[in-house]
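Chemist: Please read through the structure below; I'll follow up with questions.
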Amino acid sequence: MSNIQSQTICQKLVRQDVAEMTAYQSARRETTLNSNCWLNANEAGGNRKLQIALSQLNRYPDFQPQAVVQGYAKFANVNVDQVLATRGADEGIELLIRSFCESGKDNIVICPPTYGMYKVSAVSHNAGCNLAPLTADFQLNLPALAQHVGKCKLVFICSPNNPTANLINKSDIIRTLELFKNSALVVVDEAYIEFCEHQTVSELLNEHSNLVILRTLSKAFAYAGLRCGFTLASPEIIAVLSKIIAPYPLSQPVAEIAAMALTKQEIKIMRQRVEQSNVLKQQMIAFLQEQVWLEKIYDSSTNFILFKTQLSEQLFNSLANQGVLIRDQSSQPQLEHCLRLSIGTEEELNKFCQAVNQFNLLMTKASTKQALKTTSRSI
Ligand SMILES: *Cc1c(COP(=O)(O)O)cnc(C)c1O
């Protein structure tokens, strides 16, 4: 602020908190990274050929395309008026904060280590972001949550949690719903629920009017490129969010492809993909367990694995140099030296294994050299 004269027009006008905030480091912002094996964003591997004749594009699409909302309601076993289709689950997060938090006044609560977008959306709306960190075994800390009763509008719980991969105990979610019954909405982000389908809390929607559930087609449905997600909540909450959302949230092509993704046949294919992913996950767990440098593998109910090694930095860099990109989680609380591996295709995972073997070879060479040096010095 020292030299007002040298500021650009943008610098003069931008909100100060926006100028100071860091953007979410999405897995696709790293344009400088030259990788041919993306195992860093928990997408489904493989591609599909779409056989679809899109309808005309001169008209605006429906506000909430019926086939999409009905299809999802049927899949999620909820009523149509309990569903809002959005541009990814990320838009659901943003709509909730914009609809329920007064800028500069209200707060959300998050339970780190967890998904990064809750905080980014809160900061961008100038809502406070308070913490109730997970316990050492990555479960809810109920006494810590209780401290926030009456001081927040939204509590975000991610189950299964990204990046720790574990489920949050349902009984604790129910206690949280009761704790905030009269004061806050409890948002359960179920982006990965298809990998453990029966663990959903969707059956609680009818008894708990402060429950909101986030869903997406980006993970198990293998449509991250489509940008389509869903918010499930009481009709009253859905009506509020509908006031704030863009007038035509889903483009016509997105609506048509999403409707197709939600047919019986495609849901069956999605479930097969989940089974396949779970088999590959077991193989990757076995492979990682063979590694001498492995310190810990965390339980996974998702399509990714979190693991810990004191060599996390060296391993991450070595893999990146070999064109295999995984995600470094070291900067999150409780996750020092932790890396996250997405369960991609068999081919991608083979590349990962080869790159790990190469890393081991380089490490052995380096330590032999070091040993020789030490020996020659001691002679
Ligand atoms: C990927 C992810 C999302 C975002 O989903 P989109 O529908 O692609 O916006 C939301 N929450 C969690 C926990 C995720 O991992």
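Chemist: Take the residues in segment 316-351 that are within 26 Å of V279 (Cβ to Cβ) and polar (S, T, N, Q); name whichever of them is surrounded by the fewest Cβ atoms within 10 Å (Cβ to Cβ).
Modeler: N350
Chemist: If you don't mind, there's one more thing I want to ask. Just give me the residues in segment 190-211 being touching a Pro at 6+ places or on another chain (Cβ under 9 Å), in contact (Cβ under 8 Å) with a residue 40 or more places away in the chain and of a type in the set (A, V, I, L, M, F, W, C), in sequence order.
Modeler: A191, F195, C196
Chemist: Report whether or not V254 is within 16 Å of the ligand (Cβ to nearest atom) and either within 30 Å of K181 (Cβ to Cβ) or under 19 Å from the mean Cα position of the chain (by Cα) (or both).
Modeler: Criteria not met by V254.
Chemist: List every residue pair whose Cβ atoms sit under 6 Å apart, with the two residues 6 or more apart in sequence or on different chains, where the first one lies in segment 212-236 and is near the ligand (Cβ under 9 Å from one of its atoms) and the second, anywhere, is of a type in the set (D, E).
Modeler: Final answer for the pair search is L214/D189; R215/E190; A224/E43.
Yes/no per residue for (1) under 30 Å from K243 (Cβ atoms); (2) at pLDDT 90 or above; (3) away from the ligand (no atom under 16 Å from the Cβ):
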{"residue": "Q11", "(1), (2), (3)": "no, yes, yes"}
{"residue": "S35", "(1), (2), (3)": "no, no, yes"}
{"residue": "A44", "(1), (2), (3)": "no, no, no"}
{"residue": "I52", "(1), (2), (3)": "no, no, yes"}
{"residue": "N58", "(1), (2), (3)": "yes, yes, yes"}
{"residue": "F63", "(1), (2), (3)": "yes, yes, yes"}
{"residue": "N77", "(1), (2), (3)": "yes, yes, yes"}
{"residue": "R87", "(1), (2), (3)": "yes, yes, no"}
{"residue": "E94", "(1), (2), (3)": "yes, yes, no"}
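Chemist: Between residues in segment 263-287 that are in contact (Cβ under 8 Å) with a residue 40 or more places away in the chain and residues that are of a type in the set (F, W, Y) and part of a helix (DSSP H, G or I), which pairs lie under 9 Å by C-beta distance while being six or more apart or on different chains?
Modeler: Cβ pairs passing all conditions: I267/F75; V274/F195; S277/F195; N278/F195; K281/F195; M284/F352; F287/F352.
Chemist: Next up: Return yes or no: is V149 more than 30 Å from A261 (Cβ to Cβ), in contact with a helix residue (DSSP H, G or I) (Cβ under 9 Å, 6 or more places away or on another chain) and in a helix (DSSP H, G or I)?
Modeler: no
Chemist: I'm checking my understanding of the structure. Among residues of segment 321-358 that are farther than 19 Å from N42 by Cβ and in contact with a Pro (Cβ under 7 Å, 6 or more places away or on another chain), which one is modelled with the highest pLDDT?
Modeler: Q334
The values are calculated or read from the model by the stated rules, or taken from the named source; none is laboratory data. Please read all numbers here as calculations on a predicted model, not as lab measurements. Note that we place each Cβ from the backbone using ideal geometry, even for glycine, and neighbour counts take in every protein chain shown.
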